[in-house]
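Read through the structure below, which is laid out as structure tokens, and then see the notes.
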């Protein structure tokens, strides 16, 4: 069951990264304004490339729903009533259903492909927020299924939750701003770096391009705060076992900065956008796991 929980988490990351390919290639309208059917039918004859990309994403999302349901029922059958994994498994199911609802609304309202309305940016931000919360719930489900202690309600206390929550919210904001920046790259591609920079500060361009600079600015602030949190975790003598995970967070953060710079320099090719999102998902998961190790501690433990 533990391996299955981690496997579902990994599969979700793959589905999310493939979803970014749907957006980056403008294939979100490949099935028309129909959901869950594709162009109003189940059988497709000579489908276009965009249709195949969008349909494959829907198919993998359908498999994901089956995996989440299996994880939900297996968790409730295998662990005691007050086990914390149960609560996170419920959150996983609710967020997965909400993910499907948001995806359906994007299609039904036509907020896909080359749609440039502000409503698309709003729904995309909500979609990305729900996605990150889903990954967090999956990571915590797998984490508490894998722990040997401090897994029951009443036997766990929260330590420094405000600091951890502030850091996670900062990363969440970075993720949402990044999704809007990626949308701007997709809808308004530039032919060279100088043109792309000029678009960011031109009064005649879309607001999506004029706010694109916000993403790297916020990411630098959030990155500094993450490093501070990691440093505090590293200095705590009662959590020496969490140091490898803290180091992984720092390395993933550095990788994200490198991918972000490459994304700007190379004008955001699809494959690099996918890599950047993959790195963001892995960084988010590592942060969630580090926060769980540092904040959910046994009730009788004595902090250093």
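If R0 is 45 Å, what FRET efficiency do you get for residue 217 and residue 146 from their C-beta distance, rounded to 0.05? Can you show the working numbers first?
On the way: r = 37 Å, r/R0 = 0.82.
Efficiency computed from Cβ-Cβ geometry: 0.75.
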Exercise. Could you work out how far helix 243-265 tilts from the main Cα principal axis of the chain, as a 0 to 90 degree angle to the nearest 10?
Key: 10 degrees
Quiz item: Among 6-13, 192-199, how do they line up from the highest to the lowest mean number of other beta-carbon atoms within 10 Å?
Solution: 6-13, 192-199
Practice problem: Determine the principal axes of the Cα atoms in segment 1-149, then give the extent along each, sorted from largest to smallest and rounded to whole angstroms. | Solution: 51, 34, 20
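For residue 166 and residue 195, compute 0.36 nm times the residue count separating them, minus their Cα-Cα distance, and round to one decimal in nm.
Values: separation 29, 0.36 × 29 = 10.44 nm, distance 3.59 nm.
In short, 6.9 nm is gained.
So what is the relative contact order of segment 222-304, in percent, for Cα pairs below 8 Å that sit 6 or more residues apart? Numbers along the way, then the final one.
Details: 48 pairs, mean separation 27.8, N = 83.
Here the relative contact order equals 33 percent.
Which three semi-axes in whole Å describe the equivalent ellipsoid of segment 164-304, each the square root of 5 times a Cα gyration tensor eigenvalue, listed largest first? Mind showing how you got there, number by number?
Numbers: eigenvalues 251, 37, 25 Å².
Rounded to whole Å, the semi-axes are 35, 14, 11.
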Quiz item: In degrees, nearest 10, range 0 to 90: what is the angle between the Cα axis of helix 214-235 and the longest Cα principal axis of the chain?
Solution: 20 degrees
Quiz item: For residue 261 and residue 205, what does the FRET efficiency come to when R0 = 22 Å and r is the distance between their Cβ atoms, rounded to the nearest 0.05?
Solution: 0.50
Quiz prompt | Between segment 42-99 and segment 203-280, the Cα center-to-center distance that results, in Å | solution = 27 Å
Self-check item: Segments 281-289, 78-86 sorted - mean Cβ within 10 Å per residue, highest first
Solution: 281-289, 78-86
Quiz item: How many percent of Cα pairs in the chain exceed 32 Å?
Solution: 31 percent
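Counting alpha carbon pairs within less than 8 Å and at least 6 residues apart, what relative contact order, in whole percent, applies to the chain? Before the final figure, lay out the partial values.
On the way: 351 pairs, mean separation 69.1, N = 304.
Reported relative contact order: 23 percent.
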Quiz prompt | Rounded to 10°, Cα long-axis angle of helix 161-187 versus longest principal axis of the chain | solution = 10 degrees
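Over segment 169-269, what relative contact order in percent results from Cα pairs under 8 Å that are six or more residues apart? Let's see the in-between values first.
Numbers: 66 pairs, mean separation 32.2, N = 101.
For segment 169-269, the relative contact order is 32 percent.
Read-outs: derived from the displayed coordinates by stated rules, not from any lab. The structure presented is a predicted model; accordingly, all values stated were derived computationally and were not measured. For neighbour counting, all protein chains shown are included, and Cβ atoms are generated from backbone atoms with ideal geometry for every residue, glycine included.
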